[in-house]
Amino acid sequence: MSFTRVLDSIGLERSDTVSSFASLLTPKTDEQLDALAVRARELTFRYFGRTMRLFAPLYLSNECINSCRYCGFSRENSILRVTLSVEEVVKEGQHLAREGFRQLLLVAGEHPKFVSGDYLAECIRALRHDFSSIAIEVGPMETEEYTPIVIAGAEGLVVYQETYNRAVYAEVHAIGPKRDFDWRLRSPERGYDAGFRRIGIGALFGLAPWREDAIALAAHLEYLLKRCWKSSITVSVPRLRPAAGEFRPLFPMNDRDLVQLVAALRVTFPQVGIVLSTREHAELRDLLTTVGVTMMSAGSHTEPGGYTHQGRAHIHRTVRGRIVPPEVPIADSEVATGQFEISDSRSPQEIADILRRQGLEPVWKDWDMALTET
Ligand code: SF4
């Protein structure tokens, strides 16, 4: 059975795993939530040891043909845009390598003209000597389009469904290829068929009632663990952050809810990696690392060229996909606009020190391409 059918019948019919996950999401007293968090922590240590994988996002481009109401890169936002050249990408990568990172997530808006499969493969080939693990988070592709990217050296594919609620999805994705809910929903499977070793899924919490999206996300995880059994599956639980366009969450999710969700995911799926970004504030991140998170970003920038001010020579302003002349000259110090505001701006080394103080070992590298090369 395809996941589309599983999702569309989730209100009437749920597996035992998803039903027990849903029961962990019901409102809890403080004592019950503490007990759930303790159980989650024990399972995290049992399955992952006292470790935390660290990675950095590297934004390649903020050009986008989609109109997602919640995203700063949305096509109608009049922002400063750029697509880094391969040489500029390498400079950003070298900076991150000097910071200690060996695991990279390449991120770009969806714009086939600027961010083609060939461009991605070229970036990956240029970076692979400095990074043991490279994942991509870009517009969904066909299996045949993913294959050259895997061959170039990408190990992971990240595709968030944003929301599993079809009505909300249609409302917030007004224009562009991303409107196709089912095409996006099947992307992780197409990526698996192309050979990605690691598949990351997630929902953007704040678009729909959080418990409903969390239950659908759990059903998706359960499905992919069977369908994509040769790959490792990770899950991410980002919450909406302020961004250009000034969209505000329709269904806010508070910190306590997020702790409960991470604990419930860990208890239900003890073997699944849980990823945390710098969207969340420092105090909450420090708490979640002791509950169930196994992989986190640090010192992140969400603007292309943000680490070393690359791309300044060809920054431009785009409105509805068209480059418009700047009303005032773009200053030399300007960089392209970021996707959203970062909440935790501590440096990678500060994060590593905090993890050590918590009794966790920061892991900069836990994989090498040589393991899969023949
Ligand atoms: S969420 Fe992705 S597809 Fe949508 S506007 Fe932002 S970058 Fe483009």
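The values are calculated or read from the model by the stated rules, or taken from the named source; none is laboratory data. Treat the numbers as computed from the prediction; the structure is a model and nothing was measured. Here Cβ is always computed from backbone atoms with ideal geometry, including for glycine, and neighbour counts include all displayed protein chains. Heads up: the accessible areas ignore ligands, DNA and RNA and are worked out on the full protein's heavy atoms, side chains in. Shrake-Rupley method; radii C 1.70, N 1.55, O 1.52, S 1.80 Å.
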Item to check | LEU96 within 16 Å of the ligand (Cβ to nearest atom) and either touching a strand residue (DSSP E or B) at 6+ places or on another chain (Cβ under 7 Å) or closer than 27 Å to GLU246 by Cα (or both) | outcome: no
Item to check | Members of the range 194-211 found to be more than 16 Å from the ligand (Cβ to nearest atom) and more than 16 Å from LEU225 (Cβ to Cβ), listed by number | outcome: ALA194, GLY195, PRO209, TRP210, ARG211
Checklist entry - With respect to the numbered conditions (1) of a type in the set (D, E, K, R); (2) in contact with an Asp or Glu (Cβ under 7 Å, 6 or more places away or on another chain); (3) more than 30 Å from SER23 (Cβ to Cβ), which one is the sole condition not fulfilled by ARG198? => result (3)
Checklist entry - Would the range 286-299 turn up any residue that is touching a His at 6+ places or on another chain (Cβ under 7 Å) and not charged (D, E, K, R)? => result no
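Got a sec? Which of ALA126, ALA121, ALA108 is away from the ligand (no atom under 16 Å from the Cβ) and closer than 26 Å to GLY176 by Cβ? Before you say what the answer is, go through the steps one by one.
Details: ALA126 fails: closer than 26 Å to GLY176 by Cβ; ALA108 fails: away from the ligand (no atom under 16 Å from the Cβ).
Of the residues listed, the single one that is away from the ligand (no atom under 16 Å from the Cβ) and closer than 26 Å to GLY176 by Cβ is ALA121.
Is at least one residue of the range 138-154 within 16 Å of the ligand (Cβ to nearest atom), closer than 17 Å to ARG102 by Cβ and open to solvent by less than 40 Å² (accessible area, probe 1.4 Å)?
no
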Checklist outcome for this item: Of those in the range 58-102 that are β-branched (Val, Ile, Thr) and under 26 Å from ASP366 (Cβ atoms), the residue surrounded by the fewest Cβ atoms within 10 Å (Cβ to Cβ) is VAL90
Item to check | Total residues in the range 51-87, condition outside any strand (DSSP E or B), over 22 Å from ARG184 (Cα atoms) and in contact with an Asp or Glu (Cβ under 6 Å, 6 or more places away or on another chain) | outcome: 1
